[in-house]
Amino acid sequence: MPIRPFRSMLCAAAALGATALSPLSGPALADQATAGALKDYKDWVIGCDNARACVAIGMTSDDSSLSGYLRIARDGAADAAPDVAFVVYPPDDATAKPKAPAVRLSLDAHKEGGLPTGTLPLAESGDLYRLALSPDAVPELLAALRSAKKITLDLYDGNKKLSSQVISLAGSSAALLQMDDTQKRIGTVTALVKKGTAGAETIPPVPALPVVTSLPVSEMTAPLPKAPKTAAKPSSDCMDGTEPYVAFSLPNGASLWGACASTGAYNFAYDFRLFVDGKPGQKWNAIVPGMKRGGDGDDPTWLWNAYVDDDSKTLNSAFKGRGLGDCGDFTEWAFDGKGFVALTYQAMDNCRGVMIDDWPVLYRAQKG
């Protein structure tokens, strides 16, 4: 189930370029990097970031069910090897976790290549299970993808079969060719799909990541002080019981205030104003470089489900395409003393069970 009707900004083309940044957006990054875009190829999706690191994901063709998926990731450096993992869902009717989770992999009719045989142990990955494919097995898998139509994942608990899950391979060759193209590998010995004789040294170096300052952000705890006069006003569109304001403390007496703008079952939007250097509240206007400002029905001053990460002390915002959290977008924001800039942006536009840790990263910056 694509989520574009919920958030058109997920697939905003990077070719639009970054617009001029406001005082809230910190140093101009438009000349350094812009976000990549998600691209769908039948049952596969691929996204690459501004340093040419790419993630391609193969999913079930049945978008009404939760099923396992195949994730192929590769950094943009010339000598980077693909990282391949299968993710398996527990059975819907499971009353207890498998004691010895394992998987058997099988392909339908294919002309060449193959997959590891036998029962392969799985590692827990949150509520799911993961199998990291050995690097030695990756070439055989890539060869099989050229003619196979599907991969079946049979989940076992010891010798007991619990479920079967199917990954569609429709679109896999096109997605991996897109990865080769983005990473400048076509015609080289490193390509996944369209190999050639050119050496890895012909691949250009990856672009440097933008460097940004990141000062600590902390959430103000209730009861909040009285909101500043120039903060936004809470909307009547918010559900009863929703906190009218959220607020964050910033270094040197600065603060960030959000007034409730819209609420739903699992998404909460707040209209933000920044208070810095003694100035009246400035509207939130930071964007991910290369992304258009706002989506369908979105006010660009809104952040969705904003919170502070306890470890990084950065401000995060995350929009859920549905309650499970298997689609939407996630942004990590850094405060540089004057305003906010994007550190990381991830997105997934298909609601087919892919969890956030596996979503393609479309933009990265580096803390200075």
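Taking the stated definitions as given, is Leu315 buried (at least 19 other Cβ atoms within 10 Å of the Cβ) and more than 23 Å from the chain's Cα centre (by Cα)?
So Leu315 fails the test.
Can you go through Lys279, Lys292, Lys233, Lys226 and tell me which one is loosely packed, with under 15 Cβ neighbours inside 10 Å, closer than 30 Å to Gly368 by Cβ and of a type in the set (D, E, K, R)?
Lys279
Applying the selection to the range 72-89, what residues are surrounded by fewer than 21 Cβ atoms within 10 Å (Cβ to Cβ) and either among the charged types (D, E, K, R) or not in a loop (DSSP other than H, G, I, E, B) (or both)?
Correct list: Ala73, Asp75, Asp79, Asp83, Val84, Ala85.
Could you grab the pairs with beta carbons closer than 8 Å, sequence gap of 6+ or different chains, first residue in the range 211-230 and assigned by TED's automatic domain parsing to the domain that holds Lys283 and without any contact (Cβ under 8 Å) to a residue 60 or more places away in the chain, second one part of a strand (DSSP E or B) and charged (D, E, K, R)?
Short answer, once both residue conditions are applied: Pro228/Arg273; Thr230/Arg273.
Condition (residue is touching a residue at least 60 places away in the same chain (Cβ under 8 Å), of a type in the set (Lys, Arg) and either more than 22 Å from Val88 (Cα to Cα) or surrounded by fewer than 22 Cβ atoms within 10 Å (Cβ to Cβ) (or both)) applied to the range 337-347: is it met by at least one residue?
yes
Within the range 249-265, identify whether any single residue is surrounded by 18 or more Cβ atoms within 10 Å (Cβ to Cβ), of a type in the set (Phe, Trp, Tyr) and farther than 11 Å from Ala231 by Cβ, and answer yes or no.
No: zero hits.
Could you please find all residues in the range 90-111 being loosely packed, with under 12 Cβ neighbours inside 10 Å and not in a loop (DSSP other than H, G, I, E, B)?
The answer is none; no residue qualifies.
Yes or no: the range 128-146 includes at least one residue that is under 30 Å from Pro204 (Cβ atoms) and part of a strand (DSSP E or B).
Yes.
Yes or no: the range 355-365 includes at least one residue that is of a type in the set (Lys, Arg), out of contact with any strand residue (DSSP E or B) (no Cβ under 8 Å at 6 or more places or on another chain) and farther than 17 Å from Lys39 by Cβ.
Within the range 355-365, not a single residue is of a type in the set (Lys, Arg), out of contact with any strand residue (DSSP E or B) (no Cβ under 8 Å at 6 or more places or on another chain) and farther than 17 Å from Lys39 by Cβ.
Counting only residues that are touching a helix residue (DSSP H, G or I) at 6+ places or on another chain (Cβ under 8 Å), give me the strands (runs of 3 or more DSSP E) lying completely in the range 182-300 with at least 1 of them.
268-275
Name the single residue that is nearest to Val217 (Cα to Cα) among those in the range 305-322 being part of a strand (DSSP E or B) and touching an Asp or Glu at 6+ places or on another chain (Cβ under 6 Å).
Going through the qualifying residues, I end up with Val308.
Tell me whether the range 196-208 contains one or more residues that are surrounded by 19 or more Cβ atoms within 10 Å (Cβ to Cβ) and under 25 Å from the mean Cα position of the chain (by Cα).
no
The values are calculated or read from the model by the stated rules, or taken from the named source; none is laboratory data. Treat the numbers as computed from the prediction; the structure is a model and nothing was measured. All Cβ positions, glycine included, derive from the backbone under ideal geometry; neighbour counts span all protein chains shown.
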